[in-house]
C-alpha cells in the first residue's frame, strides 16, 4: 500500500505564507450549516480535487476526470482545507450525535494530514516523482468496471494532460532538490514511459475500434515523448544541483505524528523503536537457535530461504498456501471474514515488478461492478540468468511467503477491506484511512497469527519435533519482517530529525535487520520521501496496547475474534480515536503506547 503516493496535490515552501495561512475571505458571512451539510461539502470538494483517487474508490462519475497540479490549483485546495478546518474548530461537537462526533474527529485528522502534505512535505515543489505518479492510469488497466474501449477513452483523456502536468513540474519544482528524490523520480518517470509504450499500448491494441486506438496512440506517444524529455531534464538540470536536504526536521516530523493522533516526540518514538529493535533481535536469535544452534542466526535464516517454490510453481504454490492460511484464520476464530469471495493470486503487472514483491489490490468500498480482488506476486523474468532467478525465489521461501500472505490477505489488508466494505461506517470513515491503522493492522496480524499457533493451531507442548522445527522457521521469518519495520521506524526518525544520511541509514539496515547492501540502500532511500513508513511498527504497537487494555476491560467476555471484529468495524481511523470507541475509561484514551 503506497501511502506516500496517496494525495494528489501538495504545496511548496515558497513565498505563499500569507496566502496559505490567512483566514480565507468571506467565512464570517457564511450561512449556518448542519454538520451533515458540512461533511457533504467537504466530500464533494475532496472528490473534485482528487478525481483519480475517487475512481479507485468506486466513484465512477469521475472516470476520465483530471486536475492538473498547477500552483493555482495547489493553493486553491489548501485554502479550502483552511476554510474547512476553521469551521470545524468552531463547531460545538457536544451538540452532535455520537456518529457525527466520530466523523468530526476523522475530518480533523484527514484535514491535518492533507495540510501537512501540502504545507510541510511539499512534494509538488520538492519531489519530481509526484508529476509522473500523477499520470498513473493503471487503475483503468487493472479493474474491469466497464467496457475496455470506454476505459481506453478515459486513459486517453487523462494522457492528453501530460504536457500541462509537466509544464507545471518545470514551473513548480524548486531549483535545488533533494538528491534521492531526483534519482528516484528519474526511474519512476522512465518506468511510466515504458509502461505506456509497451504494456498499456499492447493491451489497447486488442481493441477492434480503430478510432479509439488511434486517439490513444496519439496521446500515449506524445506522453512518452514528454516523459522521456522530463527525465532527461531531471538528469541534466536538477540532478547536478541536487543536495541531501530532504529532512523534515523535528517540527515537521512531529506534525505528521500528531496528524495520526500520536503526541510523543520523535526522540520518544526513537527510544521505543530502539528498545523494540533490540528485543526483536533477541527473538530472531532465539528462533534461529531452535533451528540450528551451531550457526549464526543470519546464516540460519539464509538456510531456510533455500526452501522455496520453483519459478513455475510460484503462483500455484502461493494460491494453495493462501487457502491454507485462510482456513487457519477461520478455524481458529481469529476474526470474522464477511465474504466467501477469495482473493485471486496473479502475477504482478509488468510495470510494477521492479518495485513490488507482493501486493494486494482490493476494490474500493464504493465499487459495485469490478469487485474482484487480486493478490499480486512478482515472478522471475524469463530473461534473467539462473543465479538471479534463484536469488529472487529465495525471497519467496515458503515461510516468508506465508507471513506476507498473512499481511496482505488473511487476515491483513484483504480482510480489513472486506470488513470496511461490509461495515455500517460512514462515507467519511470508508474513504479516510490512517497510515498507522492500515499498515499497523496488517503488520500486527503477522505476529498475532503465529501467536495463535500457526500453522498447527496447538500449543508448543503438543507439537512433534518436525512440527516444532517448522514453527521455529515461521517465527524466524516473521521476526525478520518485524526487524525490517523496526529499522524503518528508527531510520525515519534519525534521517528526518537527527541528521542521519542515506549512507548511514543503509548501514543501519545492514547491521540491524541483516539486509544486503542493495535492498538496504533501497529501504533507506524510501525513507527520505516516505517518512510515514515508521507507522508500520507504530500502528502494530498501538493495536497491541489497545488489545491489552480492551482485554482487561472485557475480562471473561474477551476473545480475539470479538476484539478484531470491534477493531475492524470503525473504518481505518487513527488508533487514538479507536481507543475512544472501544474503551469505556476516558483516562486510558491518551495512553496509546
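The values are calculated or read from the model by the stated rules, or taken from the named source; none is laboratory data. Fair warning: this is a prediction, and the values are worked out from it, not measured in the lab. Every residue, glycine among them, receives a Cβ derived from its backbone with ideal geometry; neighbour counts consider all protein chains shown.
Remarks
- Of the residues making up segment 553-579, those that are touching a helix residue (DSSP H, G or I) at 6+ places or on another chain (Cβ under 9 Å), in a helix (DSSP H, G or I) and without any contact (Cβ under 8 Å) to a residue 12 or more places away in the chain number 2.
- Residue match in segment 255-262 (condition: within 30 Å of residue 374 (Cα to Cα) and either outside the structural domain of residue 107 (by TED's automatic domain parsing) or surrounded by 14 or more Cβ atoms within 10 Å (Cβ to Cβ) (or both)): yes
- Where helices (runs of 4 or more DSSP H) sit wholly within segment 143-220, those with at least 3 residues that are under 28 Å from residue 522 (Cβ atoms) and touching a residue at least 60 places away in the same chain (Cβ under 8 Å) occupy 162-172, 179-194.
- Scanning segment 448-474 for residues that are within 23 Å of residue 360 (Cα to Cα) and surrounded by 20 or more Cβ atoms within 10 Å (Cβ to Cβ) yields 448, 449, 454, 474.
- Residue selected from segment 184-204 under the condition surrounded by fewer than 18 Cβ atoms within 10 Å (Cβ to Cβ) and over 21 Å from the mean Cα position of the chain (by Cα), by the criterion modelled with the lowest pLDDT: 199
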